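Notes follow the structure.
The values are calculated or read from the model by the stated rules, or taken from the named source; none is laboratory data. Everything numeric here is computed off the predicted structure, so don't read it as measured data. Using ideal geometry, Cβ is built from the backbone for each residue, glycine included, and neighbour counts are taken over all protein chains shown.
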Amino acid sequence: MTAAEPPERLGPGAQGAPVVAVVMGSTSDLAVLRGAVEVLDRFGVPREVRVLSAHRTPGDMLAFGEQAAARGLKVIVAGAGGAAHLPGMLAATTSLPVVGVPVALANLSGLDSLLSIVQMPRGVPVATVAVNGAENAALLALRVLATSDPSLSAALDSYRLELAQGARAQDARLTDGCVTNDGGRRPDVVP
Ligand code: RP5
């Protein structure tokens, strides 16, 4: 999010029927969940973004979960903070995979959100990412979709290579040419 951008403004995203839903309990979660939206947009995967609260709009949340699969959604990314029931309650209403994002609030540094989301009872799974880990939630959703989408799978392979290149570039800057290509240290160069 840029400083000039209103907090609730999102781009249009990829065209087509949404296959991933990014859902949050409040727009106060958007600063975190925006990361998931941006990853989905980068990979050109149509998404929808909703505010649905397990506590404030429980009926809307239940209806959304019950209709999600029939509407063509394939994965739900759900983020919430505090007593974060949204991901688990959505997982109780649908057999679609739900990826939970614990959002850190002012108190407890997100530990409350993490435990609320990760400690699901037997039979109702939520794949939980790190506190504020919205980008990884979207990447996990993409990995699910990629199991039946070769072009998306190739795009994720390229993304991993990009990450590796970035790490190697960091290594090269740090070691200033004193390691060999296979990771060994060149005895002739002193950093
Ligand atoms: C949760 O309550 C939301 O997911 C949010 O993280 C938290 C606080 O919401 P607001 O009071 O900021 O709307 O349901």
Any residue in region 74-102 that's more than 16 Å from Val37 (Cβ to Cβ) and modelled with pLDDT of 95 or more: show its pairings with residues that are more than 9 Å from the ligand (Cβ to nearest atom) and among the basic types (Lys, Arg) at Cβ separation under 7 Å, as long as the two are six or more apart or on different chains. Leu96/Lys74
Exception for Ala134 within (1) away from the ligand (no atom under 13 Å from the Cβ); (2) under 18 Å from Arg47 (Cβ atoms); (3) touching a strand residue (DSSP E or B) at 6+ places or on another chain (Cβ under 8 Å) falls at (1)
Take the residues in region 105-146 that are of a type in the set (Val, Ile, Thr) and assigned to a helix (DSSP H, G or I); name whichever of them is surrounded by the most Cβ atoms within 10 Å (Cβ to Cβ). Ile117
Need the failing condition index for Leu161 against (1) assigned to a helix (DSSP H, G or I); (2) more than 16 Å from the chain's Cα centre (by Cα); (3) assigned by TED's automatic domain parsing to the domain that holds Gly44, just the number. (3)
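When you look at Pro12, is it under 18 Å from Ala137 (Cβ atoms), more than 15 Å from the ligand (Cβ to nearest atom) and part of a loop (DSSP other than H, G, I, E, B), yes or no?
Details: under 18 Å from Ala137 (Cβ atoms): no; more than 15 Å from the ligand (Cβ to nearest atom): yes; part of a loop (DSSP other than H, G, I, E, B): yes.
No: the conditions fail for Pro12.
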Any residue in region 64-78 that is more than 22 Å from Leu156 (Cβ to Cβ), within 16 Å of the ligand (Cβ to nearest atom), in a loop (DSSP other than H, G, I, E, B) and small (Gly, Ala, Ser)? no
Considering only residues of region 88-109 that are within 10 Å of the ligand (Cβ to nearest atom) and not β-branched (Val, Ile, Thr), which is nearest to Ala137 (Cα to Cα)? Pro102
Quick one: is Ala17 within 30 Å of Ala154 (Cα to Cα) and more than 15 Å from the chain's Cα centre (by Cα)? yes
